[in-house]
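Asks: Take a look at this one; I'll ask things after.
The values are calculated or read from the model by the stated rules, or taken from the named source; none is laboratory data. Not measured: the values here are computed from a predicted model. A quick note on method: Cβ atoms are made from the backbone with ideal geometry, for glycine too, and the neighbour counts reach across all protein chains shown. Surface areas here come from the heavy atoms of the whole protein model, side chains and all, with no ligands, DNA or RNA. Shrake-Rupley method; radii C 1.70, N 1.55, O 1.52, S 1.80 Å.
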Amino acid sequence: MKRYIARRLMQGAILLVMVAMIVFFLGRLTGNPVDLMLPEDATAEDREAMIKTLGLDGSVLDQFVIFVTNAVQGDLGRSIRMKQPAVEAFFDRLPNTLIIIPWALLLGMVAGIPLGVMAALNRGGLLDRFAGTVAVLGVAMPSFWLGVLLIFVFSVELGWLPSSRMGGPDHYVLPVITLGTFLVAGFMRITRSAMLEVMESEFVKLARIKGLAETTVIWKHCLRNALIPVLTLWGVFVGNLITGAIVTETVFAWPGIGRLTYEAVIYRDFPLLQAVIILKSILILTINLGVDILYAYVDPRIRLA
Amino acid sequence: MIRGVARIATLALGLLVAAAVAPTTAQEQKGTLIFAVESLGAQTLDPILEGRPGNAVYQAVMYDSLVGFNFEKGGVGPGVAERWELSPDGLSWTFFIRPGQVFHNGDKLTAHDVKFSLERQMSQGSLAAAAATMRRTIKSIEVVNELTVQVNTNSPQIGLPAGLSRAVAPEGAIMPKNYIEKVGDEEYRKNPIGSGPWKFKRNVKGDRIEFEAVTHNHWRGRPHFKELHILLVPEESTRVAMVRTGEAAIASIGPETMLSAARAGLEVLSVPGTMQAIFQFYGAYKPENKDLPIAKPRVRQALSLAIDRKQIIEHVMNGKARMPHPFATFAYTDFFSAAKWEKWANENYRYDPALAKKILAEEGYPNGFELKFANTALPGTQFMVDIGTALADMWTKIGVKVTLKHYEWGSFAPLERGDQAQLLGWASMYRTAGRPDAPWRYDGAFSPESTQRLLGHKEHCGDICQEYVKTYRALIAELDREKRTALTDKMVEIVANTWTVIPIIEGMGYYAINTRKVGQFAPIAGRHELGDVFERVPRPEQKAWPKK
């Protein structure tokens with residue numbers, strides 16, 4: 001197991017280096033923060049001065065060397081726009097994203113897994129079709145559109161919930177539904193297909209032959225085994241939520257790392273963009289490693305592979 | 001007798017109470033004014049670290065500017081300095097500071113603060129857009145007395161006061177010398193103080209900035225609300241929803257949202273003259289491009305005649321825009337014959353596709369030609385993409401085959417730099433912000449040393465380019481007001497006749513307003529942002545909006 005973890009850590013480190021290089025060079029191909037900070041009638045003199053002040057006057061290679069040298073010492077630079085250490089900016093916003101993710105995951109699992117089980121048990125029936133519709137809608141509805149729709153119905157028309165921003169428990173409802181709808185569809189689909197597969201397996205037939213109650217067979221034996229791929233998907237979903245909450249955070253004016261990433265891209269805030277992508281990658285790699293380790297414990301064949 | 005005395009005493013007491021209470025009630029500050037905006041820029045309260053839009057949105061509420069606004073007409077007016085004078089040799093500006101101004105910690109605002117602030121804007125660590133220009137042009141700053149400061153320049157800088165007005169630029173923000181020197185930059189950035197009508201209360205990064213009203217009678221106006229919260233809400237439909245639900249009183253919107261906001265019962269406020277949407281040609285003067293259709297001024301004029309500006313105003317801008325003046329000029333432009341040029345623009349920017357086709361035929365393009373057009377929108381003006389698309393359609397009608405390429409602004413801006421290789425022979429959408437000083441913007445677009453250099457550059461400055469340079473240099477050194485107006489008109493004429501930069505519409509700033517949350521107020525012409533307006537926003541019971 002130790003060798004397995006060491007190998008995964010090594011792979012993660014290589015991946016991080018690649019991510020850092022791609023973000024560094026691709027980011028610089030797309031523009032310059034000075035163009036976005038200066039008015040359209042700024043003089044060339046003012047432009048040069050600002051480039052120098054921001055430390056962008058060296059060659060890209062020189063800048064990369066400085067970046068790598070600082071990064072290995074834990075310094076990912078200062079945000080050009082926010083004028084604070086990029087790592088600090090990331091960790092200021094991270095809790096705002098992390099606070100919403102568990103609720104979205106909970107919604108996804110609480111609604112998606114039972115629905116998937118029901119759909120599998122009623123294969124081809126009305127419930128299965130309903131679940132299929134939920135799955136299609138959940139995947140097909142853009143979260144941007146869903147968020148705006150929810151705001152219109154529940155905030156503007158009904159006046160039940162606040163339209164946006166962080167606040168009390170009622171502020172969480174619409175963003176969680178917006179983020180969680182995709183997860184409901186995802187968990188439902190994977191649970192349904194896993195359940196169908198497990199229900200056809202020999203040990204389930206044996207359990208039935210032994211005369212176990214159908215409820216026990218379904219909810220204890222089938223579901224427990226069907227949850228293994230769900231566990232894998234869980235790791236993927238957490239990663240998706242961390243990286244993909246940009247739209248939801250933008251629509252609901254939620255000051256999380258999704259929006260921070262978006263702002264870093266729009267303003268060509270290179271140090272912030274590099275820091276955010278690298279730190280997000282570390283987060284996702286850690287989560288995936290955790291899931292893989294768990295998976296390896298659940299299924300010993302993984303370790304041997 | 002006793003009853004009579006009691007009556008008189010009661011009456012006197014009543015009068016006393018009425019006298020004491022009436023003014024207090026009239027000036028009572030209560031409630032929170034909530035404003036939702038799409039961007040808070042750098043979200044820092046240190047003026048030397050923020051650009052023009054962010055400064056005007058939220059720094060303006062707590063900082064006063066050395067030179068202020070003309071609230072009636074738009075453009076430059078009194079600010080921290082109530083007046084200013086140019087020395088006869090044109091090398092010194094003297095600013096006379098309004099007496100009785102105080103910072104939020106009670107310190108008096110003096111000439112020392114003005115000197116300190118300008119020097120801080122010019123310092124090496126400053127991210128002020130004009131820092132380098134200020135370092136080059138300003139020779140020294142002298143405190144003449146507590147309320148008089150003199151700025152000495154290396155050459156005549158007649159545009160200096162305008163450059164220190166928030167109508168133009170953020171560099172005139174006045175900061176507290178003693179406080180910053182005492183606590184240092186870091187502490188000042190955490191707990192900033194200014195002299196504006198709102199005091200800093202809290203800055204929650206990525207979310208909001210909160211301010212509290214000052215209680216004294218500020219020269220910009222005493223706020224009617226007790227607090228002001230400026231919320232960062234990037235998504236426009238969310239901002240409108242917040243105004244509809246009352247979670248925000250005012251929200252910035254684009255022209256595409258105006259109709260739906262009005263239909264939802266919101267008031268839509270337009271700020272006149274905040275920008276011009278324009279299109280411009282790159283490298284049309286270059287010898288290697290002389291055979292291109294766009295190298296001919298008449299062809300460029302034909303492209304202008306093919307634009308139905310009234311259709312764009314009606315359908316893209318929902319009626320909330322107007323016919324433009326010539327490039328980078330507005331009704332409030334200083335030293336400029338606005339009325340004359342308005343008449344000129346109405347005639348020359350008319351829609352006349354028949355004449356456009358005739359000109360193309362006369363110039364040798366009866367079947368049109370191929371035009372490469374870069375469609376882009378500067379931040380906050382997303383509607384320019386729709387205008388660019390409309391332009392391409394209109395040009396198609398006179399036979400011009402347009403290759404339209406869309407660019408996100410951050411990707412487009414670098415194309416203008418260096419040799420402009422990718423843009424030579426192209427036209428593109430562009431914008432100019434509403435400012436009262438035309439020469440500044442003209443210099444950025446047409447100086448042979450400028451980044452854009454649309455009339456010519458150092459190696460290829462032809463007759464028109466040289467005439468422009470000569471006029472511009474004469475203008476920025478001219479001290480006589482009448483001669484200066486004549487030179488501005490001449491500079492505008494030279495450029496207008498080249499048809500190199502062509503205004504499409506004069507745009508406005510737009511806001512959705514919940515009339516149950518704020519009363520009627522007027523914006524400042526040409527100043528899109530509301531940072532200098534919030535203190536004059538009344539509560540709804542103080543001044544209701546007219547019924548529709």
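Asks: Give me the Kirkwood hydrodynamic radius of the range B:342-486 in Å, from all C-alpha pairs, to one decimal place? Mind showing how you got there, number by number?
Replies: On the way: mean 1/r = 0.0564 Å⁻¹.
By the Kirkwood definition, the hydrodynamic radius is 17.7 Å.
Asks: Which number do you get for Rg(Cα) / (2.2 N^0.38 Å) in the range A:1-149? Write out the running numbers ahead of the final one.
Replies: Values: Rg = 23.9 Å, N = 149, 2.2 N^0.38 = 14.7 Å.
Normalised Cα radius of gyration, the range A:1-149: 1.63.
Asks: Can you pull out the trypsin sites (Lys or Arg not before Pro) in the range B:69-178 that DSSP calls coil and that have at most 10 other Cβ atoms within 10 Å? It would help to have the intermediate numbers written out before the result.
Replies: On the way: sites: B:Lys73, B:Arg83, B:Lys108, B:Lys115, B:Arg120, B:Arg135, B:Arg136, B:Lys139, B:Arg166, B:Lys177; in loops: B:Lys73, B:Arg166.
Sparse-neighbourhood loop trypsin sites (Lys or Arg not before Pro): none present.
Asks: What angle, in degrees between 0 and 90 and rounded to the nearest 10, separates the Cα long axis of helix B:236-245 from the longest principal axis of the Cα atoms of chain B?
Replies: 30
Asks: Quote the total accessible area buried by chains A and B together, excluding ligands, DNA and RNA, probe 1.4 Å, nearest 100 Å². All intermediate terms of the calculation are to be shown ahead of the outcome.
Replies: Working: alone 16720 and 23460 Å², together 36530 Å².
Looking at A and B, the buried total is near 3600 Å².
Asks: So what's the back-of-envelope 222 nm ellipticity for chain B, counting only DSSP H runs of four-plus at -39500 (n - 2.57) apiece and dividing by all residues, rounded to 500?
Replies: Working: 15 runs with 171 residues, N = 548.
That comes out to -9500 deg cm²/dmol.
Asks: Turning to a different aspect of this structure: Can you put B:Glu314, B:Glu459 in order of accessible area, largest first, using a 1.4 Å probe?
Replies: Descending accessible area places them as B:Glu459, B:Glu314.
Asks: Could you list the residues of the range B:190-218 with an amide nitrogen less than 11 Å from a label point located 7 Å from the Cα of B:Lys226 in the Cα-to-C-beta direction?
Replies: Residues passing the 11 Å test: B:213.
Asks: Could you tell me which of rounded, prolate or oblate describes the range B:275-337, using a ≥ b ≥ c as the square roots of the eigenvalues of the alpha-carbon gyration tensor, with rounded for a/c under 1.5 and, failing that, prolate when a/b is larger than b/c and oblate otherwise? List each step's numbers first, then the result.
Replies: On the way: a/c = 3.00, a/b = 1.56, b/c = 1.92.
Judged from the Cα gyration tensor, the range B:275-337 comes out oblate (a/c at least 1.5, b/c at or above a/b).
Asks: Expressed in nm to one decimal, what extension gain is obtained for the pair B:Asp393 and B:Met323 from 0.36 nm per residue of sequence separation less their Cα-Cα distance?
Replies: In short, 23.3 nm is gained.
Asks: I'd like to verify something in chain A: which complete DSSP H helices, judged by Cα projection on the helix axis, reach 15 Å or more and average at least -1.0 on the Kyte-Doolittle scale?
Replies: Working: long enough: A:2-29 (40 Å, 1.22); A:60-71 (16 Å, 1.43); A:86-98 (18 Å, 0.28); A:101-121 (29 Å, 2.00); A:126-140 (21 Å, 1.51); A:170-199 (41 Å, 1.00); A:223-244 (29 Å, 1.30); A:270-298 (41 Å, 1.80).
Sorted by number, the helices that extend far enough and score high enough are A:2-29, A:60-71, A:86-98, A:101-121, A:126-140, A:170-199, A:223-244, A:270-298.
Asks: Further question: Where does the Debye-calculated log10 I(q)/I(0) of the protein assembly as shown sit at q = 0.07, 0.09, 0.10, 0.11 Å⁻¹, using only Cα point scatterers of equal weight, no solvent?
Replies: The Cα Debye sum returns log10 ratios of -0.65, -0.99, -1.17, -1.35.
Asks: I've got another one for you. Using the Cβ atoms and a cut-off under 10 Å, what net charge is assigned to the surroundings of B:Ser252, where Lys and Arg are +1 and Asp and Glu are -1? If you can, show how the numbers build up before the last one.
Replies: Values: positive: B:Arg239; negative: B:Glu38, B:Glu236, B:Glu529.
With Lys, Arg at +1 and Asp, Glu at -1, the neighbours total -2.
Asks: Between the helical axis of B:338-348 and the dominant principal axis of chain B, each derived from Cα atoms, what acute angle in degrees is found, rounded to the nearest 10?
Replies: Tilt of helix B:338-348: around 40 degrees.
Asks: Grab the beta carbon distance between B:Ala361 and B:Arg481, set R0 = 35 Å, and tell me the FRET efficiency rounded to 0.05. Numbers along the way, then the final one.
Replies: Details: r = 46 Å, r/R0 = 1.30.
That pair, B:Ala361 with B:Arg481, gives E of 0.15.
Asks: Right, next: Over all Cα pairs of the range B:422-540, how is the pair count split among 5 Å bins, expressed in % and running from 0 up to the last occupied bin?
Replies: Calculated P(r), rounded to whole percents: 2, 9, 16, 18, 14, 11, 9, 8, 6, 5, 2, 1, 0.
Asks: Find which of B:Thr488, B:Pro379, B:Gly74 sits farthest along the positive direction of the dipole of chain B, computed with +1 on the beta-carbon of Lys and Arg, -1 on that of Asp and Glu, about the Cα centre.
Replies: The Cα lying farthest towards the positive end belongs to B:Gly74.
Asks: Here's another thing I want to ask about it. With no solvent and one point per C-alpha, what does the Debye sum give as log10 I(q)/I(0) for the range B:235-374 at q = 0.10, 0.15, 0.16 Å⁻¹?
Replies: Listed by q, the Debye log ratios stand at -0.51, -0.91, -0.97.
Asks: Here is a follow-up. What percent does the relative contact order of chain B come to when contacts are Cα pairs within less than 8 Å and at least six residues apart? Spell out each step's value before the answer.
Replies: On the way: 1128 pairs, mean separation 108.1, N = 548.
It rounds to 20 percent for chain B.
Asks: Any idea of B:His315's accessible area? Nearest 10 Å², probe 1.4 Å.
Replies: 120
Asks: Please find the FRET efficiency linking B:His216 to A:Lys83, where r is the Cβ-Cβ separation and R0 is fixed at 25 Å, and quote it to the nearest 0.05.
Replies: On the way: r = 32 Å, r/R0 = 1.27.
FRET efficiency, B:His216 to A:Lys83: 0.20.
Asks: Moving to a separate point now. If I model a spin label at B:Ala354 and A:Glu214 as a point 7 Å from the Cα along the Cα→Cβ vector, what separation in nanometres do I get?
Replies: That separation, rounded to one decimal, is 8.4 nm.
Asks: With the dipole of the range A:141-238 worked out from charges on the C-beta (+1 for Lys and Arg, -1 for Asp and Glu) around the Cα centre, which of A:Asn225, A:Leu146, A:Leu161 lies farthest toward the positive end?
Replies: A:Asn225
Asks: Out of the range B:266-368, which trypsin sites (Lys or Arg not before Pro) are coil in DSSP terms and have no more than 16 other C-beta atoms within 10 Å?
Replies: Answer in residue order: B:Lys290, B:Arg350.
Asks: If you average the alpha carbon positions of the range B:492-521 and of the range B:186-214, how far apart do those two centres end up, in angstrom?
Replies: One Cα centre to the other: 30 Å.
Asks: What FRET efficiency comes out for A:Thr133 versus A:Ser193 if R0 is 22 angstrom and r is the Cβ-Cβ distance? Round to the nearest 0.05.
Replies: 0.85
Asks: Over chain B, with every protein chain in place, what whole percent of the accessible area is carbon and sulfur at 1.4 Å, could you tell me? Please list the in-between numbers first.
Replies: Numbers: 11580 of 21680 Å².
The computed percentage sits at 53.
Asks: Then there's this: So if I restrict to the alpha-carbon atoms in the range B:93-214, what is the Rg, and what is Dmax, the biggest pairwise distance, in Å?
Replies: Values for the range B:93-214 (Cα only, Rg and Dmax): 15.0, 44 Å.
Asks: Output needed: percent of Cα pairs per 10 Å distance bin for chain B, bins running from 0 to the one holding the longest distance.
Replies: Percent of Cα pairs in each bin: 3, 17, 26, 24, 17, 8, 3, 1, 1, 0, 0.
Asks: With every protein chain left in place and a probe of 1.4 Å, what is the accessible surface of B:Trp198, to the nearest 10 Å²?
Replies: Around 0 Å² of this residue is reachable by solvent.
Asks: Alpha carbon centre of the range B:404-475 versus the range A:5-34: separation in Å?
Replies: 37
Asks: So, with +1 on the Cβ of K and R and -1 on the Cβ of D and E, and no other charges, what is the size of the charge dipole of the range B:116-275 about its Cα centre, to the nearest 20 debye? Numbers along the way, then the final one.
Replies: Numbers: 20 positive and 17 negative charges, 29 e Å.
Computed about the Cα centre, the dipole is about 140 debye.
Asks: Right, another one. If you project the alpha carbons of chain A onto their three principal axes, what span does each projection cover, largest first, in Å?
Replies: Principal extents (largest minus smallest coordinate, Cα): 85, 58, 30 Å.
Asks: How do B:Tyr472, B:Tyr282 rank by accessible surface area computed with a 1.4 Å probe, from largest to smallest?
Replies: Details: B:Tyr472 35, B:Tyr282 0 Å².
Order by accessible area, largest first: B:Tyr472, B:Tyr282.
Asks: Okay, moving on. Name the residue farthest towards the positive end of the dipole of the protein assembly as shown from the options B:Thr137, B:Ala306, A:Leu98, assuming +1 on Cβ of Lys and Arg, -1 on Cβ of Asp and Glu, about the Cα centre.
Replies: A:Leu98
Asks: With a cap of 13 neighbouring Cβ atoms within 10 Å, and only residues DSSP puts in a loop, list the GluC sites (Glu not before Pro) found in the range A:149-215. Walk me through the intermediate numbers first.
Replies: Values: sites: A:Glu157, A:Glu197, A:Glu200, A:Glu202, A:Glu214; in loops: A:Glu200.
Taking the range A:149-215 and a limit of 13 other Cβ atoms within 10 Å, the loop GluC sites (Glu not before Pro) found are A:Glu200.
Asks: Could you tally the net charge around B:Ala486, taking each other residue with its Cβ under 13 Å from the Cβ of B:Ala486, Lys/Arg +1 and Asp/Glu -1?
Replies: Working: positive: B:Lys340, B:Arg481, B:Lys483, B:Arg484, B:Lys490; negative: B:Glu478, B:Asp480, B:Glu482, B:Asp489, B:Glu493.
Within the 13 Å Cβ shell, the charges total 0.
Asks: Given springs between every Cα pair under 10 Å in a Gaussian network model of chain A, which of A:Ala104, A:Ala264, A:Ala71 has the largest fluctuation?
Replies: Maximum fluctuation in the GNM of chain A, among the listed residues, is at A:Ala71.
Asks: On to the next question. If you count the DSSP beta bridges with both ends in the protein assembly as shown, what percent of them are antiparallel, to the nearest 5?
Replies: On the way: 57 of 75 bridges.
Roughly 75 percent of the beta bridges in the protein assembly as shown run antiparallel, per DSSP.
Asks: Right, here's the next one. Might you report the magnitude of the Cβ-based charge dipole of the range A:46-179 about its Cα centre, with Lys and Arg at +1 and Asp and Glu at -1, to the nearest 20 debye?
Replies: Details: 9 positive and 10 negative charges, 53 e Å.
Its charge dipole is roughly 260 debye.
Asks: Next question, about the same structure. Helix B:177-190 against the longest principal axis of chain B: what's the angle in degrees, Cα atoms only, rounded to the nearest 10?
Replies: Computed tilt is about 70 degrees.
Asks: Roughly how far apart, in whole Å, are the Cα centres of the range A:98-129 and the range B:301-331?
Replies: 54
Asks: Right, here's the next one. How much accessible surface does B:Thr403 have with a 1.4 Å probe, in Å² rounded to 10?
Replies: Counting only protein heavy atoms, the figure is 70 Å².
Asks: With each run of n ≥ 4 DSSP H residues scored as -39500 (n - 2.57), what mean residue ellipticity at 222 nm is computed for chain A after dividing by its residue count and rounding to the nearest 500 deg cm²/dmol?
Replies: Details: 15 runs with 221 residues, N = 305.
That calculation yields -23500 deg cm²/dmol at 222 nm.
Asks: Taking the Cα centre of the protein assembly as shown as the origin, how large is its charge dipole in debye, to the nearest 20, when only Lys and Arg (+1) and Asp and Glu (-1) carry charge on their Cβ atoms?
Replies: On the way: 93 positive and 83 negative charges, 410 e Å.
Rounded to the nearest 20 debye, it is 1960 debye.
Asks: Equivalent-ellipsoid semi-axes (√(5λ), Cα gyration tensor) for the range A:107-187, whole Å, largest first? Walk me through the intermediate numbers first.
Replies: Working: eigenvalues 151, 32, 21 Å².
The equivalent ellipsoid of the range A:107-187 has semi-axes of 27, 13, 10 Å.
Asks: Please pull out the direction-averaged projected area of the range B:362-408, using the convex hull of its alpha-carbon atoms, in nm² to one decimal place.
Replies: Its average projected convex-hull area is 3.4 nm².
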